[in-house]
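Below: the structure, in structure tokens.
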Amino acid sequence: MPDISFKTSREIENKIDILVNGFHQDKSEIIKNIIQTGLQQILTDFSIGQFTRKKVSMEKAAEIAGISIREMIDILNEKGLPLHISEKSIKEDFEAAMK
């Protein structure tokens, strides 16, 4: 696994230390969890943006976010965003989900 290093502020380091002490985990594990959680959120937001701008299908948006089509629909509904799904797209997404 490649190493990544970065400089951070004392404020962020203090917040990480709170999590290290609270969860009794290694600092590197806490930082990996923070990055994974943030990355998931950013990928989801990006894929939603691509979908709402009609750049990608529902299936592709879910794939980008690493979630199921059902989860993507739920997120869009929670955000009150239109699904703008064509009959063709529904059929393609259904067929992809059955694979």
Rounded to the nearest 0.05, FRET efficiency between Ile42 and Lys99 (Cβ-Cβ, R0 35 Å) equals 0.80
Formal net charge of residues neighbouring Met1 (Cβ-Cβ distance under 15 Å; K, R +1; D, E -1): -2
Can you give me the distance in nm between label points at Glu63 and Ile90, each placed 7 Å from the Cα along the Cα-to-Cβ direction? 2.2
Excluding Gln25 itself, what net charge comes from residues whose Cβ is under 15 Å from its Cβ, given Lys and Arg +1 and Asp and Glu -1? 0
Can you pull out the chymotrypsin sites (Phe, Trp or Tyr not before Pro) in the chain whose DSSP state is coil and whose Cβ has at most 13 other Cβ atoms within 10 Å? Phe6
Which FRET efficiency value, to the nearest 0.05, is calculated for Glu13 and Lys79 with the Förster distance at 35 angstrom and r the Cβ-Cβ distance? 0.60
Fluctuation leader among Asn21, Asn77, Asn33 - the chain, Gaussian network, Cα springs under 10 angstrom: Asn21
Residue by residue through the stretch 4-21, the couplings from Karplus 6.51 cos²θ - 1.76 cosθ + 1.60 with θ = phi - 60°, in Hz, x for Gly and Pro, are 10, 10, 7, 9, 9, 7, 5, 4, 5, 4, 4, 5, 5, 4, 4, 5, 4, 6
Looking only at aspartates and glutamates whose Cα falls under 15 Å of Lys91's and that sit 8 or more positions away or on another chain, we get Glu59
Which of the residue pairs Lys55/Lys99; Lys27/Lys60; Lys27/Lys99; Lys32/Lys54 have a Cα-Cα distance greater than 30 Å in the structure shown? Lys27/Lys60; Lys27/Lys99; Lys32/Lys54
In debye to the nearest 20, how big a dipole does the stretch 10-97 give about its Cα centre with +1 on each Lys and Arg Cβ and -1 on each Asp and Glu Cβ? 300
In deg cm²/dmol and to the nearest 500, what is the mean residue ellipticity at 222 nm of the chain if only DSSP H runs of at least 4 residues count, each as -39500 (n - 2.57), divided by the residue total? -22500 deg cm²/dmol
Max mean-square fluctuation residue, GNM over the chain, Cα-Cα springs under 10 Å, options Gln25, Gln40, Gln50: Gln25
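Values in this text are rule-based calculations from the coordinates and carry no lab data. Remember, predicted model here, so these are calculated numbers, not experimental data. Cβ: placed from backbone, ideal geometry, glycine included. Neighbour counts: every protein chain shown.
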